[in-house]
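Reviewing the structure listed below.
Just so you know, all these numbers are worked out from the coordinates, no wet-lab data involved. Just so it is clear, the structure is predicted and the values come from calculations on it, not from any experiment. Don't worry about glycine lacking a Cβ; one is built from the backbone with ideal geometry, like all the others, and counts go over all protein chains shown.
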Amino acid sequence: MQDLRIISAPPSGRRGEVSRRTLNGLGFLICAGSLGFAYYVQHYLGIEPCPLCIFQRLALLAVGLVFLAATLHGSRDWGAKMYGVLVGLTTGIGAGIAARHVWLQHLPPEEAPRCGPSLEYMLQAFPLNETLREVLTGSGECARVDWTLLGFSMPEWTLLLFVVLGVAGVIGNWRLRS
């Protein structure tokens, strides 16, 4: 009779507690859904992304890939902490890009930078380091607000997303059980 109780005992961990793997999987799904929404806005609503928007998408893709790797790997202890560091690093980069974009959008129109060439042209005509510098300094099209939800622009929502994913990913991978 005692053997049956051992077999039918619930798995280790407390009921209702979220595991690292679940948190990382949810982080990946949020990143994938957000990227899907960005492409919906571009292709179905017809709002073309500026160069900073494209860089934010790349950062969100990197965050999603870290979450996916952490989900599939399901590591423990130091491995999970390393995924937490990677999530923090990638979300920090994304938040920095989004913060720069938000700052550009809140400049007075007379102080906004001039419009520059498209990202596609810059990638073809300039070395990569010069293209990165040009994009991160921003241009006039990055200062324009084309879309809002509840009074917040896309880069403001993206900044919030990076902060929330970063905090949840770091804390979750450092503190939750495997």
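Answer with one residue from Pro127, Leu104, Val66: the one whose Cα lies farthest towards the positive end of the charge dipole of region 32-136, charges on Cβ with Lys, Arg +1 and Asp, Glu -1.
It is Val66, whose Cα lies furthest towards the positive end.
Given an 8 Å cut-off on Cα distances and at least 6 residues of separation, report the relative contact order of region 20-175 as a percent.
Averaging sequence separation for qualifying contacts and normalising by length gives 34 percent for region 20-175.
Describe numerically, in nm with one decimal, the distance between label points set 7 Å from Cα along Cα→Cβ at Glu130 and at Thr148.
Rounded to a tenth, the inter-label distance reads 3.8 nm.
In whole Hz, with x marking every Gly and Pro, tabulate ³J(HN,Hα) for region 54-68 from phi via Karplus 6.51 cos²θ - 1.76 cosθ + 1.60, θ = phi - 60°.
Coupling constants for region 54-68: 5, 5, 5, 5, 5, 5, 5, 4, 4, 4, x, 5, 5, 4, 5 Hz.
About the Cα centre, and with charges only on the beta carbon of Lys, Arg (+1) and Asp, Glu (-1), how big is the dipole of region 20-175? Nearest 20 debye, please.
The dipole magnitude comes to about 800 debye.
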